[in-house]
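Computed from the coordinates by the stated procedures, all read-outs in this text should not be read as laboratory data. Predicted model only: the values in this text are computed from it and were never measured. Cβ coordinates were reconstructed from backbone atoms using ideal geometry, including for glycine residues, and neighbour counts include every protein chain displayed.
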Amino acid sequence: MTGRGWANCVEQAPSDGPVIRKSGRYKNPTDDPEFASKALVICNAAVERLRGRIARDWPKRSHKPDAEGRTVHPLLNRDLSKERHCLHCETVSSGAQMAAPMWHCPKCNATPLDIFATPFWRGAV
Ligand SMILES: [Zn+2]
């Protein structure tokens with residue numbers, strides 16, 4: 001959501017909080033707590049709709065682990081795995097842990113493109 005000299009940004013990752021950007025050149029309505037609160041409600045509703053559309057485009061198995069706890073990666077090679085490894089912080093997560101934040105790393109918030117079934121960067125495992 002934007003206006004002259006300000007923007008409310010809510011990112012795709014559910015763990016990301018909203019960011020309010022201001023230019024400082026204009027009188028800013030986001031300085032009014034009531035305006036900022038109402039704008040945030042509108043932004044959050046919009047981002048929830050967006051997250052729903054994204055989830056509908058992804059395979060069901062990417063957010064619903066099978067009986068063995070395995071999920072498929074929603075964007076990359078759609079490999080089936082019980083574990084996911086973050087390229088950035090090397091956190092190992094289960095499929096359910098990855099599904100909740102829409103495949104962003106639960107620890108460092110890395111994007112789904114940096115989440116893999118195996119830690120190939122460590123060499124042969
Ligand atoms: Zn991470």
Fewest-first ranking of Ser23, Ser62, using other Cβ atoms within 10 Å as the exposure measure: Ser23, Ser62
Rel. contact order, % - alpha carbon contacts under 8 angstrom, at least six apart, the chain: 18
For the chain, alpha-carbon Rg and Dmax in angstrom: 18.0, 57
Alpha-carbon Debye profile of region 2-57, log10 I(q)/I(0) at 0.26, 0.30 Å⁻¹: -1.03, -1.21
Fluctuation leader among Asp16, Asp31, Asp114 - the chain, Gaussian network, Cα springs under 10 angstrom: Asp31
Label-point separation, Arg122 to His88 (7 Å along Cα→Cβ), nm: 2.0
Helical contribution to [θ] at 222 nm, DSSP H n ≥ 4, -39,500 (n - 2.57), averaged over the chain, rounded to 500: -8000 deg cm²/dmol
On Cα atoms only, tilt of 33-57 relative to the major axis of the chain in degrees: 30
With eigenvalues of the C-alpha gyration tensor scaled by 5 and rooted, region 60-122, Å: 16, 12, 10
Segment Ile42-Thr111, length gained on full extension (0.36 nm per residue, minus Cα span): 22.4 nm
Listed residues Thr111, Thr71, Thr30, most fluctuating in the chain (Gaussian network, C-alpha, under 10 Å): Thr30
